[in-house]
Amino acid sequence: MTFMPDNRLLSRGGRRPWIAAVAAAAVAFALAGCAGQAPVAEETSSAPTVDIDADFFFQEGDIPADPERVVVLWRTGSSLAELGVVPVGALEGELSENELTPEQFAPVSDVPVVGTYEGVDIEKIIELDPDLIIGMDNGGLSIDYEELAELFPVAILSIAEPTDVWRNYETVAQLVGKSADFTTQHEALTERLDALNAEYGDELGATQSTILGGLEGQIWVDTSKSLAYDRLTAAGFGYNPAYTDNPERYVEELTRENIPTLADQDIIFFDAELDGSTPADVQAILDEPAFQELPAVVAGHLYPIRGATVYTFTAANLQVDDLAAAAKAFTGR
């Protein structure tokens, strides 16, 4: 996935704007139902429900214990696909082959699109008849959750930074009845990071490292509010203190004129795609003469880190692979 600055979570790589046009008469019909028929929102069900304690941006309706027809909104598609859940509908681009393995993407490749972060097609969602609508929101979306909640249970989790997307994964798993799957994978990931720290932490903890990416000619350095930073430090690496003192966001811009400020770094990581390829914007940074003159680069301590803005266990384990390779190369073991 392309590294995105500032509002990269919202832009998701530049999806084309789309606002669903909904005919008022159709909505009125769906809400009121046919003569003598109760509205969808008032239908009763004997299916078991669950109470989930989470930081919800918006939540209305009873949450089914084992939902079978889920519509995924912003930042939840990849998680569900990885958990083996095939949604009945999704926002445009929410189920991306750039964030999933071919095996994970195949079952969800034809999931109907219900809209974008700018709006959803109510008629389409009514046709899909979900038993749960889930998503995340940082306050920057234009989806009318109140309207959706008149028809179906809605659970939208709050986020502020990319790390919140990852922290919400456990709740997403709870919402779709996949807590056991999450726990198994999370414990395995934690064990791998702990093992790296135990093996290399004494040497790596004294080093300084920096993670950077690029987009549209700009250089962005990960701060201590980024998920990649969490993974890096959990594995035992030290980090550039210039980006850890209460940063405003998860990335900060670095001008090309200030590339030499990275001269004191022992290790530099750069964003790579899940398949290991280097995005063109990142390659342009690596090709800069000033960048190639950095001591870490000259010493050969320049390493890729894959999927830094992909919030799945697949991406996380690829990152651990990359960190392990970097630790081994840097220490010479």
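Where a number appears in this text, it was derived from the coordinates with a stated rule and is not lab data. Because the structure is predicted, anything quoted here is derived from the model rather than measured. Cβ atoms come from the backbone with ideal geometry, glycine included; neighbour counts cover every protein chain shown.
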**Kirkwood Rh and Cα Rg combined as Rg over Rh, evaluated for the stretch 183-331** = 0.94
**Fill in**
For the stretch 255-333, the charge dipole (Cβ of Lys, Arg +1; Cβ of Asp, Glu -1; about the Cα centre) points to a positive end, and the Cα of Leu294, Val282, Leu323 closest to that extreme belongs to Leu323
**Item:** Environment charge of Phe182, counting only residues whose C-beta is closer than 10 Å and scoring Lys/Arg +1, Asp/Glu -1
**Value:** -3
**Dipole of the stretch 121-272, positive end: most advanced residue of Tyr169, Ser209, Pro130 [Cβ charges, Cα centre]** = Ser209
**Prompt:** What percentages, rounded to whole numbers, describe P(r) for the chain computed over all alpha carbon pairs with 10 Å bin width beginning at zero?
**Reply:** 5, 25, 30, 21, 12, 5, 2, 0
**Fill in**
With Cα coordinates, the longest principal axis of the chain makes an angle with the long axis of helix 313-331, in degrees rounded to 10, of 0 degrees
**Asked** How big is the gap, in Å, between the Cα center of the stretch 76-123 and the Cα center of the stretch 254-312?
**Response** 31 Å
**Complete:** What helix-only [θ] at 222 nm does the chain give? Using -39500 (n - 2.57) per DSSP H run of at least 4, over all residues, to the nearest 500, the answer is -9500 deg cm²/dmol
**Request:** For the stretch 173-188, take each phi angle, set θ = phi - 60°, evaluate the Karplus expression 6.51 cos²θ - 1.76 cosθ + 1.60, and give the result in whole Hz per residue in order, putting x for glycine and proline.
**Result:** 4, 4, 4, 10, x, 10, 4, 5, 4, 4, 4, 4, 6, 5, 5, 5
**Complete:** Of the candidates Trp220, Ala263, Pro304, the farthest towards the positive dipole end of the stretch 183-331 (Lys/Arg Cβ +1, Asp/Glu Cβ -1, centred on the Cα centre) is Pro304
**Message:** Using the alpha carbons of the stretch 99-198, what is the convex hull volume per residue in cubic angstrom, as a whole number?
**Reply:** 130 Å³
**Prompt:** Which residue, Asn168, Asn246, Asn138, has the most motion in a Gaussian network model of the chain that connects Cα atoms within less than 10 Å?
**Reply:** Asn246
**Request:** Identify which of Leu254, Leu100, Leu175 has the largest mean-square fluctuation in a Gaussian network model of the chain, with springs joining Cα atoms closer than 10 Å.
**Result:** Leu254
**Prompt:** What number comes out for the charge environment of Glu82, summing +1 per Lys or Arg and -1 per Asp or Glu over other residues with Cβ under 14 Å away?
**Reply:** -4
**Request:** With a Förster radius of 22 Å, plug the Cβ-Cβ distance of Asp144 and Asp62 into 1/(1 + (r/R0)^6) and report the FRET value to the nearest 0.05.
**Result:** 0.60
**Prompt:** Considering only the other residues whose Cβ falls under 15 Å of the Cβ of Ala290, what net charge follows from Lys and Arg at +1 and Asp and Glu at -1?
**Reply:** -4
**Request:** Tell me which residues come under 5 Å, amide H to amide H, from Ile63 once H is placed; ignore anything under 5 positions away on its chain.
**Result:** Val50
**Prompt:** Roughly how big is the chain's charge dipole about its Cα centre, with Cβ charges of +1 (Lys, Arg) and -1 (Asp, Glu), in debye to the nearest 20?
**Reply:** 580 debye
